[in-house]
1. With all protein chains present and a 1.4 Å probe, how do W264, W105, W202, W370 order by accessible area, largest first?
2. Indicate the gyration tensor shape class of region 188-336 (rounded, prolate or oblate), computed on the Cα atoms with a ≥ b ≥ c the square roots of the eigenvalues: a/c under 1.5 is rounded; otherwise a/b larger than b/c is prolate and the rest oblate.
3. With a probe of 1.4 Å, find how much accessible area region 332-449 has per residue, and write the answer as a whole number in Å².
4. How large is the dipole of region 129-280 about the Cα centre if only Lys and Arg carry +1 and Asp and Glu carry -1, each at its Cβ, rounded to the nearest 20 debye?
5. If one puts a single equal scatterer on every Cα of region 158-272 and applies the Debye formula without solvent, what log₁₀ I(q)/I(0) results at q = 0.18 Å⁻¹?
6. With +1 assigned to the C-beta of every Lys and Arg and -1 to the C-beta of every Asp and Glu, and no other charges, what is the dipole magnitude of region 285-400 about the Cα centre in debye, to the nearest 20?
7. Find the relative contact order for region 247-347 and round it to a whole percent, using C-alpha pairs within less than 8 Å whose residues are 6+ positions apart.
8. How about region 144-204: which trypsin sites (Lys or Arg not before Pro) there are in a DSSP loop, with at most 15 other Cβ atoms within 10 Å of their Cβ?
Amino acid sequence: MTIHVEGIVAIVVFYLVILFVGIWAAWKNKNSGVGDGGERSESIMVGGRDIGLFVGVFTMTGGLFFAKPMRSRGYVTMLDPFQHLYGKRMGGLLFIPAVMGEIFWSAAILSALGATLSVIVDININMSVMISALIAIFYTLVGGLYSVAYTDVVQLFCIFVGLWISVPFALSNPAVSDITVTAKEAIYQSPWLGKIDPADKWLWADNFCLLMLGGIPWQVYFQRVLSASSATYAQVLSFLAAFGCLVMAVPSVLIGAIGASTDWNQTSYGALPPKDKDEADMILPIVLQHLCPPYVSFFGLGAVSAAVMSSADSSILSASSMFARNIYQLAFRQSASDGEIVWVMRLTIFVIGALATAMALLTGTVYGLWYLSSDLVYVIVFPQLLSVLFVKGTNTYGSVAAYVFGLLLRIGGGEPYLKLPPFIYYPGWVTQEKIHRLTGEVEYFVQQRFPFKTVSMVASFLANVAFSYLTKYLFESGTLSHKYDFLDAVISKHSKEIMDKTTLVSHDNIILSEIAPVKQALGASLAGTFMNREVLSDDEVSSPEDFKTEN
């Protein structure tokens, strides 16, 4: 394979367009959200809370239960409610799985981009990854969420056009059979419409819940929710963006079906299909390269590059926002000026971008690291988010217990991608073998067929509720002396450890009454425990006068 000059030119043009849009967005909105007492740091994190409908939908491609309470309370990051209720130290612990997920995701997709470029245009992987990362880091540094949001519009447009253009050309290739026939019949390869082994039904259910619920507690999502002008607007954006996700997924499914319906012996790829070469995960660039004309494959390459940069810049900004606000400002430097926070965020953007790039280039297990970290977000962060928003009376002791339960139960199940053996063997576990087709090497690993990820998540949630109410009862009944409340989570209502509402929300256009106070009253009813109605409606919140009276 030789270097395709046309492909290089197409990539350069695409990157220049993205860079121009990012810089233009930063210049256009350089003063947005800063006037009337606003802060530059908040403008960078949540775009001054004035992201429009068109831009918002194209950048958020769950909102029924979580978008409204988060936005109505005026939070700036996903970790704000944790620090509000559980304190800065617990917020720091929850920061770990959240930021790991963002960094490893950025590294994984940058690695995928390098592999894709090497297939289509045969350029150096390291150079392509570094250039892509530098461009994303640069315009994120310059404009924050505004640059990320506006470039997302261009990038998602490129994804939609690039992939949909390539589909009809690939379908019309003589080597491709009718995908409606190959869905159920084996022609050149086994049918692409697979079947679920009854023995794996709980494994599939576990992964389904992971994908459905585990995608909620990510700062990259809440950053867009919190940038909406109102809570209702945040919900509308989420619903419309969910529909956009389905539309964007269609061409990817079709390309996968095309790859499984192709007689690869008739193409320049070779006789063996990609799955027999352990290259099934590269089916998109392989289809673009061998089943489409060169100019069409370059459009598709632009789509892949757009998808990677769209995700990488958002994750980098999300991770830096959480560090600058929840770790640096709220945990260590509450007196830090707005300008100081801005510079900390910019430095963090560069550091996190560099870490993700280095991992993409140097770490061979980046996909395994992301799989594990995304699981930790599901089993640790999601139940805590559920508790802090919808369950009354949970406290720091319950949060710590939930963290430990979720971590041990998930890590105990092992992770084959990282060759991490289990120390908890759940019911139904089996030993599987994987044969590497090119080398003939046989690898054995333990497969947990029990839905242990979802069970770990539920156990974490129940541990939070149970330990919170247990410690609350022990301290308030006098069974345990108040001096043992070392986390100041039950007795000391005015502890510096628990974030004050004015610390979390300092913007003038957000009133304190939008953050419902937590009432740790003894003897709450069971129904009241599991339904925190204060967060379900913008109107059903306490007044500022009530808040003053309580304190």
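1. Values: W264 5, W105 80, W202 150, W370 60 Å².
Sorted by accessible area, descending: W202, W105, W370, W264.
2. prolate
3. Ligands and nucleic acids excluded, the result is 48 Å² per residue.
4. So the magnitude is around 340 debye.
5. Debye intensities relative to I(0), on a log10 scale: -1.04.
6. For this selection, approximately 180 debye.
7. 17
8. Filter output for region 144-204: K184, K195.
The values are calculated or read from the model by the stated rules, or taken from the named source; none is laboratory data. Computed from a prediction, not measured in an experiment: that's the story for all the values here. Quick reminder, even Gly has a Cβ in these numbers, built from the backbone with ideal geometry, and neighbours come from all protein chains shown. Quick note on the areas: whole protein, heavy atoms, side chains included, nothing else; ligands and nucleic acids left out. Shrake-Rupley method; radii C 1.70, N 1.55, O 1.52, S 1.80 Å.
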